[in-house]
Structure formats: structure tokens, C-alpha cells
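The values are calculated or read from the model by the stated rules, or taken from the named source; none is laboratory data. Note that the coordinates shown come from a computational prediction; the quantities given were computed from them, not determined experimentally. Neighbour counts run over all protein chains shown; Cβ positions are idealised from the backbone, glycine included. Keep in mind that these areas ignore ligands, DNA and RNA; they rest on the heavy atoms of the full protein, side chains included. Shrake-Rupley method; radii C 1.70, N 1.55, O 1.52, S 1.80 Å.
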Amino acid sequence: AFGVAKLRSYSDWKKNNCTSECAERILGETRTEAGSISRLEPQACRAPSVVLEALSLHRLILQAEKVFLLADGANLYVHAYDGKLVTNPKWPGLRPDLLNAKTLSLSNDTIAVREKNDEKHILFFDAASGKALNDQKPFAHTTEVMEVALNQGGSVADRRCAFVDRNRDLFLCFTRKEPPNNFRVAKLGETLCVVLLNREFGKNPHLVSFAGDQVVVRRSDGALIHSLVPPYALVLHEYSLTGKWEAAVRLCRFVKDETLWACLAAMATNAKDLTTAEVAYAAIDEADKVNYIKYIKEIPLREVRAAEMALLAGNVKDAEGILLQNGLVFRAIMMHLQLFHWERALDLAVKHKTHLDTVLGYRKRYLDRFERQETNKKFEQFSQNVKIDWNDIRNKVEMEFQKELDRARGSSTQKGSNPLAMGIKPEPAVPKVPVGAGSRRNSKKPPPEDPADLDTEPDFDLAEREMEVFD
């Protein structure tokens, strides 16, 4: 690290056609003594140069697309590429002299650092303000964290932190907490190792960087080796970020790789693009998800469709929140019954004072099917005071579905358009999986309808078929 840092963003170099010879000359002329100023008359490179005069030795320099970080013996400094100081993050027990590229990571909007006092903790900071995120509470792992790294693409909501623990296991977590006030974390691999097919890397290579389709590896003798990987994954991410789903589908059809199709399916599901998600899931033979997407297309209410898409993506809490915010308590209760979240369904029924007998009835039917006795004290308590009448339950369920149909028809009349939002053409309905089925793979597709009918009115009989399935 040098007292003078001359830093340029890769985007500026590429935009201004900076040559490799110019880059080498710049790197050579910036190796000056601490406290001095490096001057360079730009010739081959037309990008403006920024020279920072440092008052002390910098032990660490980290770069992101829009900002870079300098660390000396006492403080951290985040600068923009125009030289402006953005923030000066601080926290109790800060020891910049002990930080390195493995325990500190930077992105355009987030700073991640392994806490020195407790190496099981990872702290996250806002790169713009320097304030600690998540109410100043760190992410706590079960064992000591050895390395941390932030992803560089996407928005703040897409920011993830990858870390390797003492067991060499690789994990991925969100940098922002989600309800109910916890971190989402996933284990990606065990006993992490590097697999290199090129013999020129030699023994015991070290992965220095992996940006876009370029990989930089340091060999055991210290030499840096640059290599390229297929660019298809990077291009697919760019298409998804810009919403070019048709181009993404054409790319996957050209490459013909199941992994790429799976990535597209996940991206489209997250973006709630039903058509692309259906094509991608069909390409990897996920018939149950294809049928479920067709079922989602048939739902008249936009709010219910959004909740079902969140459920397809595995976000149960988001799906519940969407339903409750739009007053669809019955749908939220039935969703938890289908997922066998009995206690949560009971809590919603008690809180909103509705469909308590429905929850208790389905719970009893479930236990009778497996010839088991009730052991949950909450269900035992309410079962003593609530009478289960299946005729009454069916009538209430039918009434709830009728309310949804009336609400969808009213919305369609007011907007003067088909209530199936997003311009999706209706498909033959696929009934929802009955409670107790355990998987959506058991859903069966009904006989195809007349194609002429599909172009006129949406299928409002779906709710009636759902009621039969629940029954």
C-alpha cells in the first residue's frame, strides 16, 4: 500500500478506451513515497486522474464500482472516485491495523467486516452514511468466520454476504434483516475447495478475484494467472436486471444447459414473470411448478396471485403479509393449513375472530386420517369450546370464495379490463393441492376447455373448484 493512491474505476477506463500500456505506466508512476504527490500528464488515457495526498501509510485499499475504501492504522475512509470523502465508518473496538482483504469487504452501498472481539460476528455498515445496519446488531454465526465477501451486482435489496467459517464451509446471508427481525442464511457447500482444470495454475493456487467472466488466480510461486469462463451466466444476469426476458429465454435455448435454465427460473420467479418462469421450469422438467404457475394464472384476484408467487419463491412470510394487508384473512389461514402450519393458522383465526371452526375441523380431520390423538394444548383448549359442523364450515368457505369472485368482478368492471392482470392469457385451471397431500406434485390437470372460451371471459369457476378441493 502506498501513501499516494491513484485509483480509477474500471468503467472509466473502458469508457475512455484506456490502453493496457497506459494502465501499466500509471501503476508504475503511482509507486511513490508516503506523503508525496504523483503527477501524470495524461496522453493515451483521456480519463481524468484523481490524486489523493495521504497523511499516513494506507495498509489496505478496497475498490467497488462507485467507491473505494482506504484503511490506515487508526481509521477507515470511503471515497468516491472524484476524490470526495463519502464517510468515515467507526464502531467500538475498531482495529484497522488488524483488518485485511479477507476480513473486510466493500460494495457500492454496504461494508462488511468480521468483528475482532468476537470472530463469530459479522458487522454490516451503510457505505454512504457509515452507520451500522440492523439496529447495530451483528450477524452471529455458530463458529469463527475466516473470510467475508459482498456481491457487487444488483440493488441494496439484492446485497448478500458470502463467508467461510473455520470448518471451510461456505455460507450466504442477507446483509439486511427480514421479518421477524432475523437474518436469512443458507449453506452453499461443505469443505470448500478450488477445482481448477488448467494445469498452468499448479499446486495450491489461491483465487484472487472473480469479476464478470474474468478469474485471477495466484500460483504458489506468486505469479498471477488470468483466465476466462463462459460469459453466459453474466449475460443472463444482465438480461434479468434489465427485464429482457425474451432475450434471456433465447440465450438459454442457445446454450442448452440445465443449470442456466434453473437460474432463469429462479430469476423469473423472483421478478414475478409468470410466462418466463413457466418456460424455464418446463425446460428442467419441473412439472409440478409448471402446473402451479398455471393455477396462479387462473386466480382472478391480483393480490392472491402476488401472494402465490411469493409462496412459489419460498417466501411464506411475504405471502402472508400480502394477504393480510389486503384483508384476505381466509386465504392466509388456508395457506398455512396447506403448509401444515397449524399453530400459525390457529393464531390468525383467534386474532381475527374468524374461521376458528375451520382450523379445528381440518386439524381433526388430519389427525383422524393418521389415527393420532391431539397433543397440542392450544388446540385441546379451543376444541372444548368450539363445535365442529362441516355443513357450516362448507357454507363459510363457499361464502369466502364468493366474496373473492365479487371483488374480482368489481375490479374488472372498474378498470374495464380482464381481471387477470399482467396481460396473461388464461389457461385451463389446475386445482390446488388438498390439505394433507404433502406436495403440489399430486395436482392433476382437468380436461382442456374450449380455446374459444379462453379469449373471452376469465374462468371465475376456479374458486368453486378450490372449494371442492378443500372439502
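Under the 0.36 nm per residue contour assumption, what length would be gained going from the current alpha-carbon distance of Gln325 and Asn117 to full extension?
Going from the current span to full extension adds 70.7 nm.
Using the heavy atoms of the protein chains alone and a 1.4 angstrom probe, what is the accessible area of segment 314-408 per residue in square angstrom?
So segment 314-408 comes to 58 Å² accessible per residue, rounded to a whole number.
Using a probe of 1.4 angstrom, how much of the accessible area of segment 60-190 is carbon and sulfur, in percent? If you can, show how the numbers build up before the last one.
Values: 3170 of 6340 Å².
The computed percentage sits at 50.
Rolling a 1.4 Å sphere over the protein heavy atoms, what is the accessible area per residue of segment 60-190, to the nearest Å²?
For segment 60-190, the solvent-accessible area averages 48 Å² per residue.
With θ set to phi - 60° and the Karplus curve 6.51 cos²θ - 1.76 cosθ + 1.60, what are the ³J(HN,Hα) couplings of segment 87-96 in order, to the nearest whole Hz, using x for Gly and Pro?
Whole-Hz 3J(HN,Hα) from phi for segment 87-96: 7, 10, x, 9, 7, x, x, 5, 10, x.
At 1.4 Å probe radius, can you tell me the per residue accessible area of segment 231-298 in Å²?
With the other protein chains kept in place, segment 231-298 gives 50 Å² per residue.
Please turn the phi angles of segment 326-341 into ³J(HN,Hα) values with the Karplus equation 6.51 cos²θ - 1.76 cosθ + 1.60 (θ = phi - 60°), one per residue in order, whole Hz, x for glycine and proline.
Taking θ as phi minus 60°, the curve returns 9, x, 9, 5, 4, 4, 5, 5, 5, 4, 5, 5, 5, 8, 6, 8 Hz for segment 326-341.
Whose amide H sits under 5 Å from the amide H of Val86, counting only residues 5 or more places off or on another chain, with H placed in the peptide plane?
Residues meeting the amide H criterion: Val78, His79, Ala80.
Lysine pairs in segment 245-365 with Cα distance under 16 Å, only those 8 or more apart or on different chains: how many are there? Don't skip to the end; give the middle numbers.
On the way: Lys272/Lys289; Lys272/Lys294; Lys272/Lys297; Lys289/Lys297.
The number of close lysine pairs in segment 245-365 is 4.
In nm, give the distance between the simple-model label positions of Ser220 and Arg394, each being 7 Å from the Cα along the Cα-to-Cβ direction.
7.6 nm
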